[in-house]
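FYI, it's all coordinate maths here, none of it is from the lab. The model shown is predicted, which means the values in this text are computed figures rather than measured ones.
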Amino acid sequence: MRQRRIKGLEEKLRRYNGGVELDPRLLKGRWNRIFVKEQPLYLELGCGKGQFASSVADARPEHNILAVEGNRNAMLRALQKAARRYVDYDTTRQTGSRETPPFEMLLPEGVFAADPEKAGIETVELEAPLYKTSEADCVYCVTPNLSFVNMYLRHVEDCFAEQELEGIYLNFSDPWPKARQASRRLTHRGFLEGYRRVLRPGGYLEFKTDNEGLFRFSVEEFRETGLEIIEYTEDLHAPGSPYRSAAFMTEYEQKFSAEGKPIFYCKVQFPG
């Protein structure tokens with residue numbers, strides 16, 4: 001079922017970018033400049049409504065987290081959730097009640113807009129668009145160590161330089177179940193080669209899914225491309241799970257776990 005567009009979506013999104021529509025491709029090789037500190041950079045591909053990225057950024061302030069999502073409705077919800085987590089919002093003082101304020105009131109006063117001058121970016125003429133989207137691709141810097149990118153990213157090399165990332169998160173990506181669609185799966189060896197180029201030697205990929213078929217396919221691709229599987233489980237949230245990744249859940253993951261569905265997970269390391 002097609003998701004209904006949020007009323008006033010574009011106006012609401014503009015509140016989070018400070019009026020700067022910065023093309024993500026211009027930040028290739030200098031993503032760390034848009035954060036408050038230059039520190040190890042991690043990428044989540046397909047962040048949905050942003051719960052996982054926000055949780056990781058909260059727990060690991062020594063990391064910079066960049067979350068990419070193409071759906072603009074989901075991007076707005078991700079920005080709103082990040083604002084809710086970041087701002088110490090005194091609802092009693094502001095609204096006179098203890099009820100949670102509406103999302104529209106949760107814009108943090110010091111929201112960090114992506115600053116082209118700080119990033120050392122000059123205005124340049126780009127070639128034909130690489131991404132099929134009806135609105136401008138955009139960067140949103142919401143907290144000191146968490147930024148979002150609203151775009152459908154086809155190839156990581158388009159936006160990231162060699163060895164720019166420390167790690168990549170793939171959570172509940174599209175399984176593309178038909179055999180002829182295998183090359184579209186984000187764990188297909190074609191994508192893995194792209195990840196290899198933008199990750200630092202020894203960098204890693206963490207992968208979660210509820211789809212067993214996709215998991216089996218992915219594990220085989222990891223092995224065939226020479227990646228080392230350093231963590232593996234077919235039930236991430238089983239009692240006593242030793243994996244730290246179990247502490248950070250997506251919205252889908254919470255729902256599936258509550259229904260008793262197993263979550264398949266593995267972590268692979270790219271050779272140095």
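For the range 261-272, in order, what is each residue's ³J(HN,Hα) by Karplus, 6.51 cos²θ - 1.76 cosθ + 1.60 with θ = phi - 60°, in whole Hz (x at glycine and Pro)?
7, x, 10, 8, 8, 8, 10, 10, 10, 8, x, x
For the range 137-184, rounded, prolate or oblate, judged on the Cα gyration tensor with a ≥ b ≥ c (square roots of eigenvalues), a/c < 1.5 rounded, else prolate if a/b > b/c? Let's see the in-between values first.
Numbers: a/c = 2.16, a/b = 1.82, b/c = 1.18.
Note, shape of the range 137-184 comes out prolate.
Among the listed pairs 49/208; 12/267; 81/208, give every one whose C-alpha distance is greater than 27 Å. Mind showing how you got there, number by number?
On the way: 49/208 16 Å; 12/267 36 Å; 81/208 21 Å.
With Cα atoms farther than 27 Å apart: 12/267.
Can you run the Rg to Rh ratio on the range 144-230? Use alpha carbon positions and the Kirkwood inverse-distance Rh. Before the final figure, lay out the partial values.
Values: Rg = 13.2 Å, Rh = 13.8 Å.
With Rh from the inverse mean 1/r over Cα pairs, Rg/Rh is 0.95.
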